[in-house]
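Below is one structure; the comments refer to it alone.
The values are calculated or read from the model by the stated rules, or taken from the named source; none is laboratory data. Only a predicted model underlies this, so the values are computations on that prediction, with no experimental measurement involved. In this analysis, Cβ positions are derived from the backbone assuming ideal geometry, glycine residues included, and neighbour counts consider all displayed protein chains. Ligands, DNA and RNA are stripped out before the accessible areas are found, and what is left, the full protein with its side chains, is counted by its heavy atoms. Shrake-Rupley method; radii C 1.70, N 1.55, O 1.52, S 1.80 Å.
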Amino acid sequence: MAFDHKHLIDIREYSDSDIWKILETAKAFSAVNERAIKKVPTLKGKTIVNMFNEPSTRTRSSFELAEKRLSADSLNFGGSSTSTVKGESLIDTVMTLNSYKIDMVVVRDKHAGAPYIVSQHTPAGVIDAGDGKHGHPTQALLDLYTIWQHKGGFEGMKVGIVGDISHSRVVGSLAPALKIMGAEVFAIAPGTLIPPAPEVLGVDHVSNSLDDVLPELDVVYMLRIQRERLEGAPFPSLREYHNLFGLTRARERLMKPDAIVCHPGPINRGVEFDSYMADHPQRSVILDQVYAGICVRMAALYLLLGGSDNGLSA
């Protein structure tokens, strides 16, 4: 069955069956990533541009790996290496790329809405790899994949997102994705880091106390404080924040025995975590999330570009 989407920009445009299709395809590609030769020809001849106008480690490297393992041709550029530093507009940059007859643009930008603007000026497909404080759909999908692999499903699952809710593009995609899949979403943060209308994101419950909510949660999803995006001083100090909202060894006693811990990275140890919880061998699935990023991004590229055969032939 054909995948009925050209772009991956707003996760709310995807149904639960669409998301399951991506997750199940990602699981199939996980088998490819376990092979000695981690490469299939399914996107051979396709050209993908990675336009990263904002720093990234995990997202950029996993997209590049995913493209290589699907045999696509990649063009990587962004930031100071583009003519935008000379005053060229985003649209003019996209029009230049169109002249290369590209098939897909993966866009990372500090400005919310940039991937949508790109999609309006190119015949190529567009994937949002993170835009401002707006969204990060492939991050949400890899988070769902990780939760699915550890928990077996989503219906009735209680997921707490802890930290800088207001400034996180991860929340903008993860909260609605969890709702689409049937999970119950909690936002836990100081009042100064909660947006005015969290229910718009898909949040069911808001709490200013991690200790009160922690015993209910099946998944504890910790967020980094977005210091580069903060306006003013939303809390007295990082030390106080850690004392009230940090996931620590002492707080583990409040958690369900089988609760897992997620984080989109990069981690700030001593702020949202102590090292005991960040590296916890039973609870922390952070490195599983990193691995899931390759599988999920392979699946998204394959499905959006209509890859040949079943995607798995060597």
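Overview of values
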quantity: Verdict on THR122 being assigned to a loop (DSSP other than H, G, I, E, B), farther than 14 Å from ALA183 by Cα and at pLDDT 95 or above; calculated: yes
quantity: All positions within region 236-282 that are touching a residue at least 40 places away in the same chain (Cβ under 8 Å) and in a loop (DSSP other than H, G, I, E, B); calculated: MET255, LYS256, ASP258, ALA259, HIS263, PRO264, GLY265, PRO266, ILE267, ASN268, VAL271, GLU272
quantity: Test: residue in region 150-160 that is assigned to a strand (DSSP E or B) and among the hydrophobic types (A, V, I, L, M, F, W, C); calculated: yes
quantity: Checking TYR276 against (1) open to solvent by less than 60 Å² (accessible area, probe 1.4 Å); (2) at pLDDT 95 or above, the condition it does not meet; calculated: (1)
quantity: Long-range neighbours under 8 Å by Cβ, at least six apart or interchain, first residue in contact (Cβ under 8 Å) with a residue 40 or more places away in the chain and within 14 Å of LYS133 (Cβ to Cβ) within region 182-196, second charged (D, E, K, R) and crowded, with 19+ Cβ neighbours inside 10 Å; calculated: LEU193/ASP164
quantity: Residues of region 181-200 classified as surrounded by fewer than 20 Cβ atoms within 10 Å (Cβ to Cβ) and in a helix (DSSP H, G or I), total; calculated: 4
quantity: Strands (runs of 3 or more DSSP E) contained entirely in region 2-119, each with at least 2 residues that are open to solvent by 50 Å² or more (accessible area, probe 1.4 Å) and either without any contact (Cβ under 8 Å) to a residue 60 or more places away in the chain or not acidic (Asp, Glu) (or both); calculated: 73-77
quantity: PRO137 being within 11 Å of the chain's Cα centre (by Cα) and surrounded by 24 or more Cβ atoms within 10 Å (Cβ to Cβ); calculated: yes
quantity: Pairs where the first residue, in region 127-144, is at pLDDT 95 or above and the second is in a strand (DSSP E or B) and charged (D, E, K, R), C-beta under 6 Å, 6+ apart; calculated: ALA129/ARG108; GLY130/ARG108; ASP131/ASP109; GLY135/ASP128; PRO137/ASP128
quantity: Filtered residues of region 161-180 (kept if under 22 Å from TYR14 (Cα atoms) and open to solvent by less than 20 Å² (accessible area, probe 1.4 Å)); calculated: ILE161, SER168, VAL170, VAL171, GLY172, SER173, LEU174, ALA175, PRO176, ALA177, LEU178
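For (1) open to solvent by 30 Å² or more (accessible area, probe 1.4 Å); (2) among the basic types (Lys, Arg), each residue gets a yes or a no:
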| residue | (1), (2) |
| --- | --- |
| PHE245 | no, no |
| ARG253 | yes, yes |
| ASP258 | yes, no |
| GLU272 | no, no |
| HIS280 | no, no |
